[in-house]
Structures are given as C-alpha cells and as structure tokens.
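One structure below.
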Amino acid sequence: MPDRGPEFRLIKAARVIDGLGGPPIERGAILTRGDAVRAVGPEEEVVPPEGASVEEIVYEDKTALPGLVDSHVHLIGIGDGRAGDDLTLLPDEVLTLQAAKNARTHLYSGVTTVRDCGAKNRTTFMLRQAVEMGITPSPALLLSGRPIAIIGGHLSYFGIEATGEVECRAAVRQLIKEGADFIKITATGGSTLTSFPFRPSFSVEEMTAICDEAHKFGKHAAAHCVSTQAIVNALDAGVDTIIHGYYRDTDGAIEDRPDVTERLARQGVFVNLTLHQGRQRLWDLQAKKESEGITEDEQAEIDRIEIGREQSLAHGAALRDGGVTLVCGSDAAWAHYEMGGFQDEIEIHVRLGMSPMEAIVSATSDSARSCWAEDRVGALEPGKQADVLVVDGDPSRNIDDLKKLVDVFQGGRRVDRGNYV
C-alpha cells in the first residue's frame, strides 16, 4: 500500500489572519484534513483528535492567511504591451501554453483562485482539463470562456458576437454548455480597435437577457464598463460585478455621479477597479527613462498615466466612502501587466484609503464573494478549501509584507514552487 502521509496537518504561525476582517489571531493555528480546513484559532485551542496522524509545521515570526483570490485575470495574455487585437492572432495551442505558464506563475506567487474574464475559443477550458489531469499546476479556475460582445465591440475578436435578446440568451447557453462558470459582458468598448471606448454597447434589454439567463443557471455576470451610462445600464440589467467602473461621459470626460455610487452600494454590486494596470506601465516607463531615456511621446504617456492614476484613486476613495464593496482583480496578463504581481493590486487599495486589513479582505473573502465562490475559498474557516499563504512579517500592519512569500498551501498540500517541469 502507498504511504498516504499524515491524516491531519497542523500549521502554527505567529499570527493567523482569517480573511474576514477581524484582528489577527496571535499565536494562531490552522488544522487541516485532506483538502479542507477543520479548525482555526489560538494554538492552545486547535488540537488534533487524540491518536491521529499529524504533521505539524511551525512558522515563527510569520503570518498565515487565506490564499489570495484574483477576481480578474486574462490567462492567455502575455503582458508585453501588445494589443488584444494582435494577441488573438496567435494559435490556440500557443495561447493555451501561455495560460498554463501564467497560471503557474500566479499560483507560485500566492494566488490560489483566479477568475478569468475572457479568453480565445476553448483555450482556458483546455487548461482546466490539463490541470484536472495533473499535467500542470494552477490556481482554482473560475472561467468565463469567450466574453459576450456586440459586433465589433470590445474583445469581439475572440468573443461571442451577439445582437438582440434571442442571440444574447443563446450565447449564454452556449457558454454554459462549453463549461463557463460565469458570464463576462463587454458593456462598453475598450482597447479593441473597432470599439467605441466610452459608449455603451448592449442595450439594457440585451444585457438583462444575458443576466437573466446566467442567473437562471446559477451563474453570475461581470461587465466591463468604462463609462457612467454603461454602469447604469448594467445596474438596470442585474449585473453582479462591474469591472473598471469609470464615471465618464461618451467623450471620456470625468463625471461626478454620487447617485450611481448610491445605487452600486444599495444593490450590493461589486466593483473591480483594476488600479495597478496603468501604474505598472508607469513603472516600466520610469525605469526606461532612468536607464536609457525615453521619447517625447513616452513622456507624454507618463504624464497622462500620472493624472489618470490620481483621478482613479480619488474615484476609488469616493466609492469606498459611499459604501461600495471594492474587490481586487489585477487584469493581468493584459497590456503591460505580467502575472505574478497581484500584491501590487492589493497594495494600491491601501493608497486609496483602505487599511491593510481591509485590503487583504478585498483580495480574499470579498473577492471570493464577487466570484460566487465564498462557500469554498477566500477565508480560513472550517469546511472551506485549505488554501493558505504564509508570509514573513505582518501584512495587517504593512501590506508590503504580502510580497515576503514563505509558503503556499493549496487544498492542504504545500506547493512545490521550485517545480517548473
């Protein structure tokens, strides 16, 4: 008979953060059995059953917390700045391999669950099959498959193009047939060359059909929105998560809309601002400026990003003050944002006014709630998946300590982060 290893694992740390927002448990412990958490609390209260086979791991001066939940990724992205219009020209086989590389990178950085918000054809579904076969490591995958777009709309180059309520309902049914865990809607244009960035795409009736059909099958809907009217349309339609969430008119001018903020809060709709996406590009350009110099156009891009970043932080602070639940989603590996840097997304939430603990919650239990996965992940509670991140220091005081990775446990097993086979 093969050695099955110990029945229980007891993880002890200087402090345990459960992901629910309360103070850290000093001298805490987590008891796991198989892939699930059995108990969490002070170490003197978390005791394995008498006579049980137990592996005990002690982390002095370190913090254990839930595995991170990135609520917005594009696993097929490369993060080298290329437009999605060009990315989609790559063969599906290449994109599936890239998705596997990105998934492993994110897992090894401490992200144990991802929500993928749009991919070409069946690439991410093929990745999931490979993961289930044990071919490649990955965070738990929550997949939309192809996004739903209007003809020529944002991500239409690898999405399902739908017109009218009948086609919208049919698109949802097709995606669910293919294995989608949720539905991604592009409710405005975006970086796609044939789209109109700040103009709503679908009508309210079309989006309502998408949301109704998704909810009928127990799925949620997340909508890319970069204008105020599209957000209002999405609220009317019953969308569950707003992605980006800018208040802008059809010409791109910033709007002040506390009435929309009130609706977001009242309806309990999550907002994923993707704040670090532009900052990563800023960092890249600043590094280039110091090392080799930049062009006038690149300097102008720096200036635009800096202005936009301040505007985004002010907008995020206003949403938070208005009672909107902000969740962490990186948007990696889109544009210039490579996988593996989710902690930068969490850190920038502190810059908009969250406490470090609030930012941790936004990237764990709140993010899991936005993904409709809070019954399985996002917090260290009995019965939930034993996904545990161990870091040096205390991220509840210094959010940068989230980058001081020591170990990652997924489903109760310690991840071999040196395994690149």
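Points worth noting:
- Cβ separations smaller than 7 Å between residues 6+ apart or across chains give the following pairs from segment 71-89 residues that are among the aliphatic types (A, V, I, L, M) to residues that are surrounded by fewer than 19 Cβ atoms within 10 Å (Cβ to Cβ) and assigned to a loop (DSSP other than H, G, I, E, B): A83/S191.
- Scope segment 249-276; condition surrounded by 17 or more Cβ atoms within 10 Å (Cβ to Cβ) and touching an Asp or Glu at 6+ places or on another chain (Cβ under 6 Å); matching residues: T274, H276
Let's see how each residue does on (1) outside any strand (DSSP E or B); (2) without any contact (Cβ under 8 Å) to a residue 60 or more places away in the chain; (3) surrounded by fewer than 16 Cβ atoms within 10 Å (Cβ to Cβ):
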site	(1), (2), (3)
P6	yes, yes, yes
L10	no, yes, no
A13	no, no, no
E26	no, yes, yes
A52	yes, yes, yes
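- G378 being within 24 Å of A99 (Cβ to Cβ), surrounded by 18 or more Cβ atoms within 10 Å (Cβ to Cβ) and under 19 Å from the mean Cα position of the chain (by Cα): yes
- Some residue of segment 70-83 being in a strand (DSSP E or B), under 30 Å from L282 (Cα atoms) and among the polar types (S, T, N, Q): yes
- Members of segment 119-133 found to be surrounded by 22 or more Cβ atoms within 10 Å (Cβ to Cβ) and not in a loop (DSSP other than H, G, I, E, B), listed by number: T123, T124, L127
- The test for being more than 28 Å from D344 (Cα to Cα) and of a type outside the set (D, E) holds for R33.
- Single residue of A318, A368, A359 found to be in a helix (DSSP H, G or I), surrounded by 15 or more Cβ atoms within 10 Å (Cβ to Cβ) and within 12 Å of the chain's Cα centre (by Cα): A368
- Positions within segment 80-99 being crowded, with 20+ Cβ neighbours inside 10 Å and closer than 30 Å to A386 by Cβ, in sequence order: T96, Q98, A99
- When residues of segment 407-421 are limited to those that are among the aliphatic types (A, V, I, L, M) and touching a Ser or Thr at 6+ places or on another chain (Cβ under 9 Å), the one surrounded by the most Cβ atoms within 10 Å (Cβ to Cβ): V408
- Unmet requirement for I294, which otherwise passes all of (1) assigned to a loop (DSSP other than H, G, I, E, B); (2) touching a Leu at 6+ places or on another chain (Cβ under 9 Å); (3) in contact (Cβ under 8 Å) with a residue 12 or more places away in the chain: (3)
- Complete set of residues in segment 382-421 that are farther than 15 Å from T113 by Cα, in contact with an Asp or Glu (Cβ under 7 Å, 6 or more places away or on another chain) and assigned to a loop (DSSP other than H, G, I, E, B): G393, D394, P395, K404
Readers should treat all values here as calculations from the given coordinates under stated rules, not as data from a laboratory. Please read these numbers as outputs of a predicted model, since none were measured by experiment. Here Cβ is always computed from backbone atoms with ideal geometry, including for glycine, and neighbour counts include all displayed protein chains.
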